[in-house]
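What follows is a single structure, written as structure tokens, with notes after it.
Here, each number is a calculation from the coordinates, and none is a lab measurement. Source: prediction; values computed, not measured. Heads up, the Cβs are rebuilt from the backbone with ideal geometry, glycines too, and the neighbour counts pull from every protein chain shown.
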Amino acid sequence: MAENTTAPKSAQIAARPLSPFMLGPYYKFQLTSVLSFAHRISGLALSLGTVLIAIWVLSAANGAWSYAQFATVARSIPGEVLLFAWSWALLYHLCNGIRHLVWDSGFAFEIKHVYLGGYLVVAISLVLTAAVWAVAFAV
């Protein structure tokens, strides 16, 4: 008779490959995955920020008192934090969208260019956000 050469069930489970989504010492976050996640989150933030823009337009259409109420909330610290986050999300999403257009045209697929593009997207979006806010407070 043939001998049973299969390993016990516990040894089979221990020999399975680990999921790449495991945290800890098994998986290291990469810039590309973080930027991809940030792109999705910024898209969601832009969707939610569009509701705030609609409220802003409606308050302006409802008259001076309604607009003053909205402006009071928008000029508060939480309001300005939300506006700053929304403006960064807009500019980050724009810059990352341009990066994807470069990829769609068949360029910058080498890993060093992928990482360089990622760092540039973050840096340029932060610089543009700071510039927008500097102009807004200068006016």
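Annotations for the structure displayed:
- Projected over all directions and averaged, the alpha-carbon convex hull of region 24-139 occupies 9.9 nm².
- Selection of chymotrypsin sites (Phe, Trp or Tyr not before Pro), region 97-139, meeting DSSP coil and at most 14 other Cβ within 10 Å: PHE107, PHE109
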